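Asker: Got a structure here, written out as structure tokens. Questions coming.
Every read-out reported here was derived from the displayed coordinates using simple, explicitly stated rules and does not represent laboratory data. Being a predicted model, the structure only gives us computed values, none of them experimental. Here the Cβ is made from the backbone with ideal geometry for all residues, glycine too, and neighbour counts use every protein chain on show.
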Amino acid sequence: MKFQVIPLIYAANGQFKNTIRFAVEFQENVLPEALAYAVEQVQKRYPYYSVKVEKEGEGFVLAENNQPFVIAAGEKPVCLNSTASNMHLLAFAWKERTVWIDISHFICDGNGVAPLVKTLVYYYVERRYGADGIDTSNIRLVTDNIPEEEYAYPFPATPIPNESALSIPQRTYEPFLFADEMFDGDGSYAYNLQVSQKALMKYAKSNDGSPVSFVCVMLYRAMMSLYPDMKSDIVFSIPHEYRKVLGRPLSHDCLARVLTAKLPPKTRTSRPKH
């Protein structure tokens, strides 16, 4: 069986690998045998992820790949679409209490792979601890009849008009970019911020906003605090997915696109009320 690729895959090159990584952290160290069982079940349930890229004519297709998914020991990700991953676009890794799922963004987005993560966790728990009492009504299992909507090509056969709800406006302005000299020489850092989902949603809704708009405003204020004399506009790239407008709620494909939002520079003179 072959699957049609979405156009995004043609943007790939040596620098633009476009891999996304998910992490699942358990309360106890990972049991390799249980993880191997769970990955085996995942491969059975999601045949459209058990694929490899093949050339067909002037383009590419996703062809069936019967090789097993690779499970690497250690946190280093496996190179996808290579012999190291058995030519798969999906691989797994584990270390201590954490399991990582590495998958090509060319075949899925966050909403597309989320059911796979739930399936993986379910079968891992089933093999290690037993699954009695677990509600599986919202978990995809190997006993399911896989609906065509999960793997069918999501886009219509005819081109989508530019004025449609799917059109993406072209950016006509230059964003503010951090330059190397703006840092103190110690390099840049990434920090994980843990926020209560319930509190975040409550705050966003009370201000007629969304989690994305909240994060944008938070980062905007942080940037203005760091660079109060900045004159350039601050531009945020906001992911937005089109399952609803395409009528493809079950599609696994990458249907996320990026919209841009521009905020003019402005020095904050007062603290927020919340």
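Asker: Assuming 0.36 nm per residue, please report the length gained on full extension of the stretch residue 98 to residue 66 beyond their Cα-Cα distance.
Answerer: 8.9 nm
Asker: Going by C-beta contacts inside 10 Å, put 33, 64 in order with the fewest on the left.
Answerer: Placing the least packed residue first, the sequence is 33, 64.
Asker: Please state the shape class of segment 73-117: rounded when a/c is under 1.5, otherwise prolate if a/b exceeds b/c and oblate if not, all from the C-alpha gyration tensor.
Answerer: Because a/c hits 1.5 or more and a/b fails to exceed b/c, segment 73-117 counts as oblate.
Asker: Then there is this: Can you list the HN-Hα couplings for segment 84-96, worked out from phi with the Karplus curve (6.51, -1.76, 1.60; θ = phi - 60°), rounded to whole Hz and with x for Gly and Pro?
Answerer: 5, 9, 6, 6, 6, 9, 9, 8, 10, 8, 8, 7, 6
Asker: With 10 angstrom as the radius, rank 62, 226, 246, 116 by how many other C-beta atoms surround their C-beta, starting from the fewest.
Answerer: 226, 246, 116, 62
Asker: Still on this structure, I have one more. With a point put 7 Å past each Cα toward its Cβ, work out how far residue 138 is from residue 263 in nm, to one decimal.
Answerer: 3.1 nm
Asker: Mind checking the full-extension length gain between residue 197 and residue 153? Use 0.36 nm per residue of separation minus the Cα-Cα distance, one decimal, nm.
Answerer: On the way: separation 44, 0.36 × 44 = 15.84 nm, distance 3.30 nm.
Gain on extension, residue 197 to residue 153, equals 12.5 nm.
Asker: Say each of residue 221 and residue 233 gets a label point 7 Å from the Cα, pointing the same way as Cα to Cβ; how far apart are those two points in nm?
Answerer: Result: 2.3 nm between the two label points.
Asker: Starting from the coordinates of the alpha-carbon atoms of segment 2-150, obtain the Kirkwood hydrodynamic radius over all distinct pairs and give the value in Å to one decimal.
Answerer: 16.0 Å
Asker: Beyond 21 Å, how much of the Cα-Cα pair distribution for segment 202-268 remains, as a whole percent?
Answerer: Working: 952 of 2211 pairs.
Cα-Cα pairs of segment 202-268 separated by over 21 Å account for 43 percent.
Asker: Take the cross-link list 198/262; 52/118; 95/118 and give me the ones stretching past 21 Å between alpha-carbons. The partial results should precede the final answer.
Answerer: Values: 198/262 28 Å; 52/118 23 Å; 95/118 19 Å.
Exceeds cut-off: 198/262; 52/118.
Asker: Another question, then. Apply 1/(1 + (r/R0)^6) to the Cβ-Cβ distance of residue 145 and residue 118, taking R0 = 25 Å, and write down the FRET efficiency to the nearest 0.05.
Answerer: Using R0 = 25 Å, I get an efficiency of 0.90.
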